[in-house]
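Report on the following structure.
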Amino acid sequence: MLAFAPMKNTAWILVSTALLVLSCAKKSEAPAPAAAAPAANAEFTKFVDDYFAAQFAYGPTGAVASGFHEYDGQIEDRSQARIDARAVELKALLARLAAIDRGKLTFDEAIDADALDGQIRGELLDLEVIRVYNTNPMFYAYLPGGAVDILMKRDFAPAPERLRSMVARMQKIPAIYDACRANVQNPPKEFTDIAIRLARGSAGFFEGSVAEWAKGAAGSDAALAASFAEANGKVIQATKDFALWLEKDLKPRSKGAYAIGAENFAAKLKHEEMVDMPLAELLAKGEAQLEKDHAAFVATAKAIDPTKTPSQVHQSLSANHPSADELVSSVAESVEDARRYLVEKDLVTIPSEVRPKIQETPPYARSGGYASMDTPGPYETKATEAFYYVTPVEKEWSAKAKEEHLKLFNPYVASDINVHEAWPGHYLQFLWAPKFKTKTRKLVACGTNAEGWAHYAEQMMIDQGFHGDDPRYKLAQLQEALLRDCRYVVGIKLHTQGMSVEDGGKVFVDRCFQEPSVGYEESRRGAYNPTYLYYTLGKIEILELAREYQEKKGATLKQFHDAFVSEGALPIPLVRRIMFR
């Protein structure tokens, strides 16, 4: 339950009004009629159910991740015919939504209608204009491992039952690779390079982790074990053949452009994030934040050691890092510190005592990131495990690349990553998810909110005294801020100004103090994730909203945090409307 300062919020006004009505009633001896809650709009409720049913039929893996297990035995159909049918379906849904009389919707329904309108238009933009399924083999390479892993890692049903669903999915995995061969003709080389990594990792995943789990899941059921072995053998071979095709056939002809162009970039932001700002103004905002954080980084580095350059100070901190064998355990040992501080300072309500499990990122998901949070869906009632993934070094990497990767997990940056991924970042957000008041808010998330909140949390924790006055942690927070600032600027320039991935990588090195291999990976991510400016842009929007909310509502920081995370990861303009309704 949210608690706000008296006389500064709607809840208090409603209580005061009720007392006044009661007082008048006593004087007049006539009872006052109770105000009826607005009735749900049946047409809109049906639309919401139909929208998500169609989405889950198109994306069964996401349905299972959300907690809908009637889709356990299904897997995505990524044939061009099914993609085209999805576009037709979305247009019909958009027409239905437009026909609903918004004036008859409740406040919350109107908010959800706007959110779903943006979701539909954003997906149509991807399918029909940007055409991601015709230009990016990563969407096919990633899918099989994820579809199988979601059945394996969460105990929502008896293991033999999940294994049968797994076999049903695996039997259709070769068709996903066939769809890629048919649909993808001339992708950017950057996309194909990552798809090769994903496919190779997936082959090892099926040979190792999946086979080992299935052996225990089948138990004494010889027929089940045999059906798995047959399906897995075909998947392993199909995956290896797919990796070979990517490398020998697709890669030599991967000469396409990754830039989506200024018009599509602006439309994507408008539909997905409800950000409608001229690109020149948007870029200027990001560049100003980059300059601000760069200056603060330089000043903080000087405070640590005035005899060294900022880069040398940064390098000196990075030198203290775990070994490859110690990487995951070092994160596991440090993650609880942030939670303890949240409780000690009473900065936000933590609605559960359940902790995430810290594990290596599965091989099929190692697409260039360093850490991620994988949590149970809001409708999951049995499998409550959440996974904080840490990406290990790869065996085939050079010694230099391994060292550069491990440097990122020095104790100062690792503390910041823990805040972002777990406390009070993504994991806290997802602990709140079952409490979101509508189906739409449970199932829709946008980057400026979800990633913006996690990035905001990094700065907020330091501002609130986490690690005291130790400037090394402040420098690490600023390093991560600079990383996101560079994503902001590089993403816009990659897609609207002709910047190359290589030149983008240099921005990360020169302005954000990143290692060259990290800079290249970050820039390449921007090629396939155009609007990854949502980290910094979202943080800026949330900082502004926090100041305004506390000022106008007379609220504490904790009250703002609880109010914000309780509404779900909707586009921030919608959250603002809710918080100031």
Suppose we keep only residues that are over 25 Å from the mean Cα position of the chain (by Cα) and among the hydrophobic types (A, V, I, L, M, F, W, C) within the range 144-165. Which one would you say is farthest from Gly216 (Cα to Cα)?
Ala157
What do you reckon, is Glu207 in contact with a helix residue (DSSP H, G or I) (Cβ under 6 Å, 6 or more places away or on another chain) and surrounded by fewer than 18 Cβ atoms within 10 Å (Cβ to Cβ)?
yes
With respect to the numbered conditions (1) open to solvent by 10 Å² or more (accessible area, probe 1.4 Å); (2) among the hydroxyl-bearing types (Ser, Thr, Tyr); (3) under 25 Å from Tyr528 (Cα atoms), which one is the sole condition not fulfilled by Ser415?
(3)
Going residue by residue through the range 427-448, is there one that turns out to be touching an Asp or Glu at 6+ places or on another chain (Cβ under 6 Å) and farther than 21 Å from Gly568 by Cα?
no
First in the range 569-581 and surrounded by 22 or more Cβ atoms within 10 Å (Cβ to Cβ), second anywhere and of a type in the set (Ser, Thr, Tyr) and at pLDDT 95 or above, Cβ under 8 Å, 6 or more apart:
Pro571/Thr448; Ile572/Thr448
Answer yes if at least one residue in the range 331-354 is under 25 Å from Phe205 (Cβ atoms), assigned to a loop (DSSP other than H, G, I, E, B) and of a type outside the set (Ser, Thr, Tyr), and no otherwise.
no
Applying the selection to the range 165-188, what residues are among the charged types (D, E, K, R), part of a helix (DSSP H, G or I) and surrounded by fewer than 21 Cβ atoms within 10 Å (Cβ to Cβ)?
Asp178, Arg181
Being acidic (Asp, Glu) and surrounded by fewer than 20 Cβ atoms within 10 Å (Cβ to Cβ) is true for just one of Glu360, Glu421, Glu380. Which residue is that?
Glu360
Among (1) more than 17 Å from the chain's Cα centre (by Cα); (2) closer than 23 Å to Val354 by Cα; (3) of a type outside the set (Phe, Trp, Tyr), which single condition is His426 missing?
(1)
Scanning the range 298-326 for residues that are in a helix (DSSP H, G or I) and either touching a Pro at 6+ places or on another chain (Cβ under 6 Å) or of a type in the set (Asp, Glu) (or both) gives Val298, Thr300, Ala301, Ala303, Ile304
Can you confirm whether the range 47-59 contains a residue that is modelled with pLDDT under 95, open to solvent by 40 Å² or more (accessible area, probe 1.4 Å) and in a helix (DSSP H, G or I)?
no
Only one of these is more than 28 Å from Met274 (Cα to Cα) and either in a helix (DSSP H, G or I) or open to solvent by 10 Å² or more (accessible area, probe 1.4 Å) (or both): Asp108, Asp117, Asp193, Asp112. Name it.
Asp193
Taking the range 146-160 and keeping only residues that are over 20 Å from Gly208 (Cβ atoms) and either in contact with a Cys (Cβ under 7 Å, 6 or more places away or on another chain) or crowded, with 17+ Cβ neighbours inside 10 Å (or both), one is left with Phe156
Glu291 vs (1) in contact (Cβ under 8 Å) with a residue 40 or more places away in the chain; (2) open to solvent by 50 Å² or more (accessible area, probe 1.4 Å): all pass except (1)
Restrict the check to the range 506-517 and report whether at least one residue is aromatic (Phe, Trp, Tyr), in contact with an Asp or Glu (Cβ under 9 Å, 6 or more places away or on another chain) and open to solvent by 10 Å² or more (accessible area, probe 1.4 Å).
no
Find the residue count for the range 485-535, including only residues that are outside any helix (DSSP H, G or I) and more than 21 Å from the chain's Cα centre (by Cα).
7
Just to be sure I understand, how many residues within the range 536-558 are touching a residue at least 40 places away in the same chain (Cβ under 8 Å), assigned to a helix (DSSP H, G or I) and open to solvent by 10 Å² or more (accessible area, probe 1.4 Å)?
7
Of the residues Asp126, Asp101, only one is among the charged types (D, E, K, R) and either open to solvent by less than 70 Å² (accessible area, probe 1.4 Å) or within 24 Å of the chain's Cα centre (by Cα) (or both); which?
Asp126
Going through Ile350, Ile358 one at a time, which residue ends up being in contact with a Leu (Cβ under 7 Å, 6 or more places away or on another chain) and of a type outside the set (S, T, N, Q)?
Ile350
Check the range 68-86 and report whether any residue there is in contact with a Phe, Trp or Tyr (Cβ under 7 Å, 6 or more places away or on another chain), in a loop (DSSP other than H, G, I, E, B), open to solvent by less than 70 Å² (accessible area, probe 1.4 Å) and at pLDDT 95 or above.
yes
For the range 74-102, which positions are of a type in the set (A, V, I, L, M) and either more than 21 Å from Phe47 (Cα to Cα) or touching a residue at least 40 places away in the same chain (Cβ under 8 Å) (or both)?
Ile75, Ala81, Ile83, Ala87, Leu93, Leu97, Ile100
Picking from Leu282, Leu327, the residue that is closer than 21 Å to Arg484 by Cα and surrounded by 17 or more Cβ atoms within 10 Å (Cβ to Cβ) would be Leu282
Kindly indicate whether any position in the range 310-317 is in contact with a helix residue (DSSP H, G or I) (Cβ under 6 Å, 6 or more places away or on another chain), surrounded by fewer than 13 Cβ atoms within 10 Å (Cβ to Cβ) and within 25 Å of His455 (Cα to Cα).
no
The helices (runs of 4 or more DSSP H) lying wholly within the range 359-457 that contain at least 2 residues that are free of Cβ contacts under 8 Å to residues at least 40 places away in the same chain are 399-407
Which residues, counting only those in the range 492-505, are open to solvent by less than 40 Å² (accessible area, probe 1.4 Å) and without any contact (Cβ under 8 Å) to a residue 60 or more places away in the chain?
Met499, Ser500, Gly504, Gly505
Out of Phe228, Phe265, report the one residue that is open to solvent by less than 50 Å² (accessible area, probe 1.4 Å), out of contact with any Ser or Thr (no Cβ under 8 Å at 6 or more places or on another chain) and at pLDDT 95 or above.
Phe228
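The values are calculated or read from the model by the stated rules, or taken from the named source; none is laboratory data. Since this is a predicted model, take the numbers as computed values, not measurements. For neighbour counting, all protein chains shown are included, and Cβ atoms are generated from backbone atoms with ideal geometry for every residue, glycine included. For the accessible areas, the whole protein counts, side chains as well, though only heavy atoms, and no ligand, DNA or RNA atoms are used. Shrake-Rupley method; radii C 1.70, N 1.55, O 1.52, S 1.80 Å.
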